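Input: a single structure, listed below in structure tokens.
Just so you know, all these numbers are worked out from the coordinates, no wet-lab data involved. None of the values given here were measured: they were computed from a predicted structure. Every residue, glycine as well, gets a Cβ built from its backbone with ideal geometry; the counts of neighbours run over all protein chains shown.
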Ligand SMILES: Cc1cc2nc3c(=O)[nH]c(=O)nc-3n(C[C@H](O)[C@H](O)[C@H](O)COP(=O)(O)O)c2cc1C
């Protein structure tokens, strides 16, 4: 059990926010397979405050899609504070501040991972968000650094987070300069864990139960945040839980189970996004599910040429 201010988590395994991936359909499938806590896709604080249409699509959720956190990105302390207030008023269970996004569109104006090298602004953002939020926990998710591979930038930002009254920290053990390449450096997570007293989640390259166990052992951190390991693999949560409870990893599902689950994800995507957008999104999603299966490349070519939900459904059924 993990207590983050008003939020009680039964497990210490949580799902990361992933833009373009962790939408409502993804979360519903994941919850049906044992995921406890998830995030929306990252939200622009500027768009939230202006009520942009695209942002509102990201906010789509249903009653049983909880506990659910929202993550905001931006560089202006007042706007981040106002966005956080809006998020709390909407009834989310946690608000996270993004200090990790490597995309130039976000870092150019000073947001995401660029905050790692702007401690004065970052401190003001932490303080502004904490001041504007009355009840729910405020957390930060950061990379280990912008350029500096030592982890010192993450340690410095972690101290500011703790001083400002944040409830937890997640560290992704890669620099901004690394993007998603190379392997995640878990020692940087350990350095942050040794620096602060608030809970620390380790993140990066956890693809199975053994990885989660090793990450907890090597870093001493309080929890694990799963990222890409859950794409097309909602079975990961139970498998990790089994290993952490001293059991063996659950076996990989057979093709029929994968097809059934992919179909469920597909139907939810069409239901929540409409046929046109749902089909487009499913081109990527279905590749996750069938990756590594014989015939996966041919399947990918076929789904990329498909625009109708009915045709896509048949392709999955006949895989
Ligand atoms: C497609 C994609 C989108 C992502 N979007 C976000 C995001 O919106 N916010 C965030 O904090 N991290 C985002 N990330 C980073 C992941 O949450 C995670 O930190 C990273 O993938 C490392 O963990 P992993 O090795 O377990 O995947 C994204 C990653 C990917 C691959």
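Within a 10 angstrom radius of the beta carbon, how do 288, 186 rank from fewest other beta carbons to most?
The most exposed by this proxy come first: 288, 186.
Report the FRET efficiency, 1/(1 + (r/R0)^6), for residue 177 and residue 218, where r is their Cβ-Cβ distance and R0 is 30 Å, rounded to 0.05.
Efficiency, rounded to the nearest 0.05: 0.85.
Specify the angular offset, from 0 to 90 degrees and rounded to the nearest 10, of the alpha carbon long axis of helix 209-219 from the longest principal axis of the alpha carbons in the chain.
It is inclined by approximately 10 degrees.
Using Cα pairs closer than 8 Å and at least 6 residues apart in sequence, work out the relative contact order for the chain, in percent.
Result for the chain is 13 percent.
When the chain is fully extended, how far beyond the present Cα-Cα distance does residue 210 get from residue 63, taking 0.36 nm per residue of separation?
49.6 nm
In square nanometres, what is one fourth of the surface area of the convex hull spanned by the alpha carbons of region 47-159?
7.2
Treating the angle as unsigned and between 0 and 90°, give the value, to the nearest 10°, between the Cα long axis of helix 275-290 and the longest Cα principal axis of the chain.
Its long axis makes an angle of about 90 degrees.
Using Cβ contacts closer than 10 Å as the measure, can you line up 205, 23 from fewest to most?
Final ranking by Cβ density, sparse to dense: 205, 23.
Hey, rough spin-label estimate for residue 284 and residue 33, points 7 angstrom out along Cα→Cβ, what's it come to in nanometres?
For residue 284 paired with residue 33, the spin-label model returns 1.8 nm.
Grab the DSSP H runs of the chain that are 4 residues or longer, score each as -39,500 (n - 2.57), total them, divide by all residues and round the 222 nm result to the nearest 500 deg cm²/dmol.
Mean residue ellipticity, 222 nm, calculated: -14000 deg cm²/dmol.
Kindly state, to the nearest 0.05, the FRET efficiency for residue 194 paired with residue 148, given R0 = 25 Å and r defined as their beta-carbon distance.
Here the calculated transfer efficiency is 0.90.
Given the chain, what percent of its DSSP beta bridges are antiparallel, to the nearest 5?
DSSP beta bridges in the chain are roughly 10 percent antiparallel.
What shape does the chain have by the C-alpha gyration tensor, where a ≥ b ≥ c are the square roots of the eigenvalues, rounded means a/c under 1.5, and otherwise prolate means a/b greater than b/c and oblate the rest?
The shape class here is prolate.
Over the chain, with a Gaussian network built from C-alpha contacts below 10 Å, which listed residue (150, 44, 167) shows the highest mean-square fluctuation?
150
Output needed: percent of Cα pairs per 10 Å distance bin for region 255-317, bins running from 0 to the one holding the longest distance.
24, 62, 14, 0
Would you mind checking the tilt of helix 119-132 against the longest principal axis of the Cα atoms of the chain, expressed as 0 to 90 degrees and rounded to 10?
80
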